[in-house]
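Please read the structure below before turning to the comments.
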Amino acid sequence: MSENWENTIIDYFNGLLNLEEEEAMFMEMDSNPELKKLFDQYKEIESGIEKEELQQPSLELSHRFNQMLESEIKGQTKEFPYPYKILAYAASIVALVTLGIMIGQNQFQSGLLDAQSKEIVGLRSEMNALINDQSVTNRIEAINVAYEFPEQDDKVIDLLIKTMESDPSSNVRLAAVEALVEIPITDTTKKAIYERLEVEEDSFVKISLIQAVVKINDKNSVHLLDKITQDEMTPKFIKDEAHIAQLKLNKT
């Protein structure tokens, strides 16, 4: 069996033959049973790979890999009989498919990261635009956007803390407190809520902060609740809320 025909068959399955070369190969197969048998063996390898429905590497990558493989084989001092070349060819196909999968997975993961980055940038822009609006409704809507982030975002947390501390509307501040304890709680979040609890004057926002302390579930915050229950200037319904919070924390 001529080695040139083996190389021709490999080039055929890699799509590297022109029409005349393909016709010459098939004409030779009509009168050469050994060539036809070898062609069928390579065809069976190719069919098995296609059935796996795996992502294939590019033709250029495949061609370069085969050139490297052929160069390595030619560099050997001992010539292998053609059945072993078939095994080598099959191994090269498997290696190429594996490489193609790895490249495809990396590209897919990169695409996901790019899409996620664009989503985060878009959500931040939307949130910043709404939080600076004069409408209370729109500012609350900005806080609702915080729930849509795919992962913890420090800039969003900072914006919510700033809103909780300085927004002129108690309803917006209330919404900010609720959002801060619904998204992943950080040490920065804890510190901000504890500090705000001590200075907040709006009764309903203060109650929301007390409930936030319970959700944080940090026993070290009990002393803050003690201050509230012992302060004679604090309204009774807020003292009652702080007392209930103390009981809940002590049970955990």
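Using the Cα atoms of segment 159-252 to build a convex hull, what is its mean projected area in square nanometres? Spell out each step's value before the answer.
Working: hull surface 22.1 nm².
Mean projected area of the Cα convex hull: 5.5 nm².
Got a sec? How would Thr234, Thr8, Thr163 order by Cβ neighbour count within 10 Å, fewest to most? The partial results should precede the final answer.
On the way: Thr234 16, Thr8 19, Thr163 23.
Fewest-to-most ranking of Thr234, Thr8, Thr163: Thr234, Thr8, Thr163.
Using the basic label-point model (7 angstrom from Cα toward the beta carbon), what is the Phe237 to Asn32 distance in nanometres?
Simple spin-label model gives 9.7 nm for this pair.
Order by neighbour count: Glu23, Glu201, Glu141, fewest other Cβ atoms within 10 Å first, most last. Write out the running numbers ahead of the final one.
Working: Glu23 11, Glu201 7, Glu141 16.
Ordered from fewest to most neighbouring Cβ atoms within 10 Å, Glu23, Glu201, Glu141 come out as Glu201, Glu23, Glu141.
If each residue of separation counts as 0.36 nm, what is the full-extension length gain between Asn250 and Val136 once their alpha-carbon separation is subtracted?
Numbers: separation 114, 0.36 × 114 = 41.04 nm, distance 3.72 nm.
Here the segment from Asn250 to Val136 would lengthen by 37.3 nm.
Spin-label point model (7 Å from Cα, Cβ direction): what's the Ser203 to Asn18 distance in nm?
9.3
Stretched out fully, how many nm does the piece from Asp187 to Lys162 gain, at 0.36 nm a residue minus the Cα gap? All intermediate terms of the calculation are to be shown ahead of the outcome.
Details: separation 25, 0.36 × 25 = 9.00 nm, distance 1.54 nm.
That pair, Asp187 and Lys162, stretches by 7.5 nm at full extension.
Please tell me which of these pairs span more than 28 angstrom C-alpha to C-alpha: Lys162/Lys251; Lys215/Lys239; Lys155/Lys239; Lys190/Lys251? Please list the in-between numbers first.
Working: Lys162/Lys251 32 Å; Lys215/Lys239 18 Å; Lys155/Lys239 34 Å; Lys190/Lys251 20 Å.
Those over the limit are Lys162/Lys251; Lys155/Lys239.
Could you order peptides 235-245, 168-178 by the average number of other Cβ atoms within 10 Å of their residues, highest first? Could you put the intermediate results ahead of the total?
Values: 235-245: 15.5, 168-178: 19.5.
Highest to lowest by the protection proxy: 168-178, 235-245.
How would you order 125-136, 151-162 from highest to lowest mean count of nearby Cβ atoms within 10 Å?
Details: 125-136: 13.8, 151-162: 15.9.
So the peptides 125-136, 151-162, ranked by packing, come out 151-162, 125-136.
Bear in mind these aren't lab numbers, they're just calculated from the coordinates by the rules spelled out. Everything numeric in this text was worked out from a predicted model, so none of it was measured. Cβ: placed from backbone, ideal geometry, glycine included. Neighbour counts: every protein chain shown.
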